[in-house]
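Working notes, structure below.
Just so you know, all these numbers are worked out from the coordinates, no wet-lab data involved. Small disclaimer: the values here were computed from a predicted structure and weren't measured. Note that we place each Cβ from the backbone using ideal geometry, even for glycine, and neighbour counts take in every protein chain shown.
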Amino acid sequence: MKRFSQLITKHKGIVLTIFLVLAAVSMLPAVFVPVNYDMVDYLPKDAHSTTAISIIKKEFLGDTPNARVMVTNVTVQEALAYKEKLSAIDGVTAVKWLDDVLGKDVLMATPLEFLDVSVTKKYYKDGHALLGVSIESGKESPAVNAIYGLIGENDAVAGDAVNTAVTQGMAVSEVLNAMAILLPVILIILILATTSWIEPLLFLFTIGIAVIINMGTSALFGEISFITQTVSPILQLAVSLDYTIFLLHSFNKYRAFSEPREAMQLAMKRAMPTVAASAATTVIGFSALLFMRFGIGSDLGIQLVKGVVLSFLSVMIFLPALTLTGYRLIDKTRHKNIVPGCHKVGKGLMRIGIPMLILALIVIIPCFLAQSNTGFMYGMGGVAESSRAGKNTALIETAFGRENPLALLAPKETPGKEAALCDELSSIPHVTDVVSFVTAVGAEIPPQYIPQEVLDQFYSGHYARIILYTDSPEEGEQTFATVQTVLDTAGRHYDTYYLAGPSATLFDMKGMVEADIRIVNLVAIVGIFIVILLTFRSLTLPIFLVFTIETAIWINLSFAYFTNNTLSFIGYLIISTVQLGATVDYAILLANHYMTDRKSLPKKEAMQKTLSGNLTAILISAGILASAGFILAATSGNPIVSELGTLLGRGTVLSFVMVVSVLPALLIVFDRVIEKTTFKNGFHR
C-alpha cells in the first residue's frame, strides 16, 4: 500500500488526466446507450411463454398485437381505411381486424347482420371499430405518438406498447429531475458533516466521475433496462459517498502533524481497509442479483457492482490526486464544525437499548411472516394509469369489455381433436370466447376451401393457433389460476403445447421470481455473513449484525402486507439486496469501534464511547441514502421506481434505528458470548 500511495501522490497530474479523459470519453456512449423497456426480453429463452412467442414469430404471419386502437362512429369501409393508415405508420408492423378473420371479400360482400355476431362483436360494435396493432420493440414512443396524431383526442389506444411508450417518456427526464433535487440535499448534508465549504464539491465530483464512467461502459453490454438506467446512478452516488468521507477525514487528521503529501499517503493506508470492507459488503449484496434467472437481475447487478468498484477506484486513486491539487483551497474555505456532539444522544440510546431489543424480538416473527406473504405485481399496467393511456383503456373496456387474450399453440393434428380441446377451453371460468379454425370456420369445412389469409391466422406448418379471450385483469390470483387451468387443459389433449400472451408471460415471470427471491436473499446473507466473519474473526458477531439489518428489511417489506397493498417484485428484490449490502456498513462501523474500545473499557463505557464518537458518521451516511430514496419516490412518475424509492428511504431509516438502538443492546447483552467466540479479542477485564 505504501508504494501504491507514493505512486498516486507523486503522479497526481497523470492520474487526474486519465480519469478526466475516461469520463469525457464515456459521456457520449452514456447518453446513447440503448435502453430496453420490455421486461419480456429478460425472461430466459427456454421459458414457456418465450418459446411460444418465438414460434409465433417464426411460423405465423404478422406479429402478435400489443396495442388496441378504437375508432368511433365509423363504417366498415372507414375502419378499413384507418387500418391502412395505421399500417403505414413507422414502427407498426401489423394491423389486424375483422377482415383478417372473415376475409376481406366476405366482409365487403356480406351485410353485417348476416355475419356471426359472436365474431364481429369483438371487432365492430355500435359504430366503433377495435383494431389490433403490433408495434415494433424500441419504436413504441414515436409510433404511439403517430397513432395519437391519426385518431385524435376522441378515439383511444391502449395496451402493452402504450404502457411502454409512457415509460419511455418518463425515463428520459426522471434521472435528471431526481439529481436536480438530490444533489443540493446531499451538499447540505455534506456541509454539515465537514469543516470546509469546498470538500463536499470534491466528494460529489469524485463520485460523479465514477458514475459517468460507469454509465459509459454500459455500452459494452449492448443495452440496459429502463430500471437500471433510472436507479443505478442514484444508488451508486448514495452508497459510495461514504468512501470519500472516510478518506478526507483521515487526511485532515494527519494534516495536523504531516505535510500534505505524506498526510495523504497515511490517510490512504488508514482508509483503505475501511473503504474496501464497505465496498466489499455492498458489492456482495449487489452481486446476489446476478444469481437471478430473470435477466433484469443481471442487468441491474452488473451495473451496480461495476459502479461500486469504479467508485472505490475513484476514491482511492482520483480523490487523493484531486485533493493534493486543491488542498490550499480546502484550507482557505474552512468553517467551524456545524454539527454538535452526540454525547447526550449516545446516553439516551443506551437507556432505550433493552426496550428496543425486546420490541424488535416481538415484531420480528410477525414481520417476517408478513413480508413472506406479500403479494407482488409483475407487469407494467400501473405505469400508465394516470396518463391518457389509462383513460383510453377504460374507454375501450367500456365499449368492448376487458380483453386479455391468450394464444395457445398446439400440434397441427386432426380437427376433431382440436374441437374437443376448444370445447373444454370454452368452459373454463373467465374464458369468454375461444377463436380457432374449428370455432370460427368449422371443423367440417376442408381448409382448401378457405381463403389463405384466413387460414394463415390459425395454422402454420406445424402448429394450430387457438386464441382465448378472457375477462381477467392482466395479472393477479384469478388471472394466474386461469392461465394454469388453460395449461392443464391443453396438457390433457396434447403432449406439446405453448401459451403466449401478457398474462402467460407474467405467469412465467411469477414462477421464476419466486425462486429467484429465495436464491438472491440466501446468497446476499451468506456472502455478507462470510465477509463479517473474516473481518472480525468472530463466530457470533456476523449473526448479530445480519440479524440487525435483516430485521429492518423484514419490517420495511411487511408494510405492504399490513396495509393490504402489493409490491412490485423489482422493488422487493432490489431492496432485499441494496438495504442489506448498503446499510450493514453502519453495523460494521459500530461493531468495529466497539470491539476496539472494548479492549480498554468495560462493555457499557465502551458502547457509550462508540455511540458518541460514531453516531454522527452513521447519521450522515444514512441521511444521504434515505434522501436518495425519498427523492426518487417523490420525483418519479413511474410507480415501480417511485415504490423502490420509498422502500429505500424507509428501509435506510429503519436500518439506522436498528443499528443505533438495538445493536448496542445486543452487543452489551451478549458481550461475554462475543468474547468467547472471537479470536484474539483482547477484551478489557
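With R₀ set to 45 Å, the beta-carbon distance separating Ile365 from Leu455 gives a calculated FRET efficiency near 0.15.
Using the beta-carbon distance between Arg537 and Phe291 and R0 = 25 Å, what value does 1/(1 + (r/R0)^6) give for FRET efficiency, to the nearest 0.05? Before the final figure, lay out each step's value.
Numbers: r = 27 Å, r/R0 = 1.09.
Calculated transfer efficiency: 0.35.
Dipole of the chain computed with +1 at Lys/Arg Cβ and -1 at Asp/Glu Cβ about the Cα centre; of Thr596, Gly301, Asn66, farthest Cα towards the positive end is Thr596.
The distance from the alpha carbon centre of the stretch 84-149 to that of the stretch 486-559 is 42 Å, rounded to a whole number. Among Phe559, Phe286, Phe4, the order by Cβ neighbours within 10 angstrom, fewest to most, reads Phe4, Phe559, Phe286.
Ignoring lysines fewer than eight residues from Lys510 along the same chain, the ones with Cα atoms less than 23 angstrom from its Cα are Lys45.
Per-residue extension of 0.36 nm, minus the Cα-Cα distance of Ala256 and Thr485, leaves a gain of 75.0 nm for this segment. Sequence-distant contacts, meaning Cα pairs under 8 Å at least 6 residues apart, place the relative contact order of the chain at 19 percent. I want to verify the translational diffusion coefficient of the stretch 396-507 in µm²/s; compute it with Stokes-Einstein, Rh as the Kirkwood radius over Cα pairs, at 10 °C and 1.306 mPa s. Stokes-Einstein gives a translational diffusion coefficient of 110 µm²/s.
Placing a label point 7 Å from the Cα of Ile519 along the Cα-to-Cβ direction, the residues of the stretch 267-294 with a backbone N closer than 13 Å are 288-294.
Mind ranking 116-129, 404-417 by how tightly packed they are, going by the mean number of other C-beta atoms within 10 angstrom, highest first?
Details: 116-129: 16.0, 404-417: 18.1.
The packing order, highest mean first, is 404-417, 116-129.
What's the Kirkwood radius of the stretch 629-682 in Å, using all Cα pairs?
13.5 Å
On a straight-distance basis, which lysines could pair with Lys10 in a cross-link, Cα separation under 26 angstrom, same-chain partners fewer than 8 positions away excluded? In chain and number order, the partners are Lys2, Lys253, Lys269, Lys332. Sites listed here are GluC sites (Glu not before Pro) in the stretch 124-173 whose DSSP assignment is loop and whose Cβ has at most 12 other Cβ atoms within 10 Å: Glu153.
Please arrange Leu533, Leu248 by counting, for each residue, the other beta carbons lying within 10 Å of its beta carbon, fewest first. If you can, show how the numbers build up before the last one.
Numbers: Leu533 15, Leu248 25.
Result, fewest neighbours first: Leu533, Leu248.
For the stretch 29-158, the spread of Cα positions along the three principal axes, ordered from largest to smallest, is 56, 34, 19 Å. In this structure, Lys104 and Leu329 have a Cβ-Cβ separation that, at R0 = 51 Å, corresponds to a calculated FRET efficiency of about 0.10. Per-residue Cβ neighbour counts within 10 Å put Tyr254, Tyr243, Tyr572, Tyr494 in the sequence Tyr494, Tyr254, Tyr572, Tyr243, beginning with the fewest. Comparing Met512, Tyr148, Ala263 along the charge dipole axis of the chain, the residue lying farthest to the positive side is Ala263, per the Cβ-charge model. Placing unit charges on the Cβ atoms only, positive for Lys and Arg and negative for Asp and Glu, gives the chain a dipole magnitude near 5320 debye about its Cα centre. The stretch 288-367 and the stretch 201-253 have their alpha-carbon centroids 13 Å apart. Inter-label distance, Phe4 to Ala399: 6.6 nm, where each label sits 7 Å from its Cα along the C-beta direction. Quick one, which of [x] 1.09; [y] 0.95; [z] 1.15 is the actual Cα Rg over 2.2 N^0.38 Å calculated for this model? Only one option fits the structure, namely [z].
For the pair Lys510 and Glu605, the difference between a 0.36 nm per residue extended length and the Cα-Cα distance amounts to 29.1 nm.
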